[in-house]
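Q: Here you go, one structure.
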Amino acid sequence: FQPRFPIAADTDQTTEKWDGTGYPEKLKGTEIDLWARIVAIVDVFDALVSPRPYKRGWDFDQAMDEIKKGGKSGQFDPDLVNCFVANKEDIRTIYNRFMTEESHE
C-alpha cells in the first residue's frame with residue numbers, strides 16, 4: 001500500500017512527544033516526522049474544542065492556551081506551536097465556520 005499523502009504513513013507517531021516521553025517508540029524532537037508533529041497539535045486542539053458525550057467543548061482561547069502550554073512543557077514542537085499560535089485568527093475563522101456548520105445540522 002502506497003499512501004497518497006505522506007501524512008497517512010506517519011499517524012502512528014502522533015502520540016510521540018517532543019521531549020521523548022510519548023509512545024510507542026519514545027521518539028524525541030526531529031526524530032518525529034514533521035507531519036506527525038503537525039497532526040499532534042491539530043488533533044489535540046480539535047479534541048479540546050469538540051464536544052463529546054462526556055464533556056463540553058472547550059472555549060477557543062482556552063484550547064489555544066493549552067496548546068501553548070504543550071509547546072512549553074515538551075509535549076509539542078515549540079516552533080510548530082509558535083506557527084500555530086501566529087495563525088490564531090485564521091484558525092479561529094476556520095473554527096467558527098465549522099461551529100456554524102455543525103449548529104445547522
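Q: Considering only the range 37-48, I want to know if a residue exists there that is within 27 Å of GLU101 (Cβ to Cβ), out of contact with any Lys or Arg (no Cβ under 6 Å at 6 or more places or on another chain) and open to solvent by 80 Å² or more (accessible area, probe 1.4 Å).
A: yes
Q: Among the numbered criteria (1) exposed (fewer than 15 other Cβ atoms within 10 Å of the Cβ); (2) without any contact (Cβ under 8 Å) to a residue 40 or more places away in the chain, which one does GLY57 miss?
A: So the condition that GLY57 fails would be (1).
Q: Go through the range 72-90 and give me each residue that's without any contact (Cβ under 8 Å) to a residue 40 or more places away in the chain and open to solvent by less than 50 Å² (accessible area, probe 1.4 Å).
A: Across the range 72-90, the qualifying residues are VAL85, LYS88.
Q: For ASP65, state whether it is open to solvent by 40 Å² or more (accessible area, probe 1.4 Å) and modelled with pLDDT under 95. Steps first, please.
A: Working: open to solvent by 40 Å² or more (accessible area, probe 1.4 Å): yes; modelled with pLDDT under 95: no.
No: the conditions fail for ASP65.
The values are calculated or read from the model by the stated rules, or taken from the named source; none is laboratory data. Keep in mind the model is a prediction, meaning the values are calculated, not measured. Cβ coordinates were reconstructed from backbone atoms using ideal geometry, including for glycine residues, and neighbour counts include every protein chain displayed. The protein model used for the area step is the full one, side chains on, heavy atoms only, and it has no ligands, DNA or RNA in it. Shrake-Rupley method; radii C 1.70, N 1.55, O 1.52, S 1.80 Å.
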